[in-house]
C-alpha cells in the first residue's frame, strides 16, 4: 500500500469503540491554533477513552514547522505515515519519513519540520491531550 493510500484510509476510515463506531471522514480538519500550515484531525478523544489516550492525524504543509513546544502532562508517540521532514528532540535531529516513530517523554521539548513534500503523522498522547 502506498503512503498516500494509508493517509487516505485513516482520514476516511472508521473508529470502532466498545459501544459505537465513528466515521473518520465525518471528523473535521482543524487549523492548528498556533502553527501556520499545520492541520489536525482528532480521531480519538479523551472523552471516549476515560482520558487515557488520544490519537490525532497531524498534517504539515510543505516546509511548515511545528515549532518547539512541550506537553507537560503527556507522553507522545509519532508514527510517520507520509512525506518527509525532521524531528528535533532536545538537541537531537532525526529524519522523519514513513515508518519512523518518535517517542517524546512528558515535559520534553520537541519540534517537527516538514520537508518539500509535506509530512503526515499520527500523534498519540498518553494520557489524552484532548
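Here, each number is a calculation from the coordinates, and none is a lab measurement. Keep in mind that what you see is a predicted model, and the values were worked out from it rather than measured. A quick note on method: Cβ atoms are made from the backbone with ideal geometry, for glycine too, and the neighbour counts reach across all protein chains shown.
Cβ crowding within 10 Å, taken as a proxy for footprinting-reagent exposure, orders 81, 6, 27 from fewest neighbours to most as 6, 27, 81. Legend: ranking of residues 7, 16, 49 from fewest to most surrounding C-beta atoms inside 10 Å; resulting order 16, 49, 7. Here the spin labels are modelled as points 7 Å beyond Cα on the Cα-Cβ line, and at residue 22 and residue 90 they lie 3.5 nm apart.
Reducing the stretch 1-40 and the stretch 56-130 to their Cα centroids gives an inter-centroid distance of 16 Å. Working note: 222 nm ellipticity from helices only, DSSP H runs with n ≥ 4, each -39,500 (n - 2.57), summed and divided by the residues of the chain, gives -2500 deg cm²/dmol to the nearest 500.
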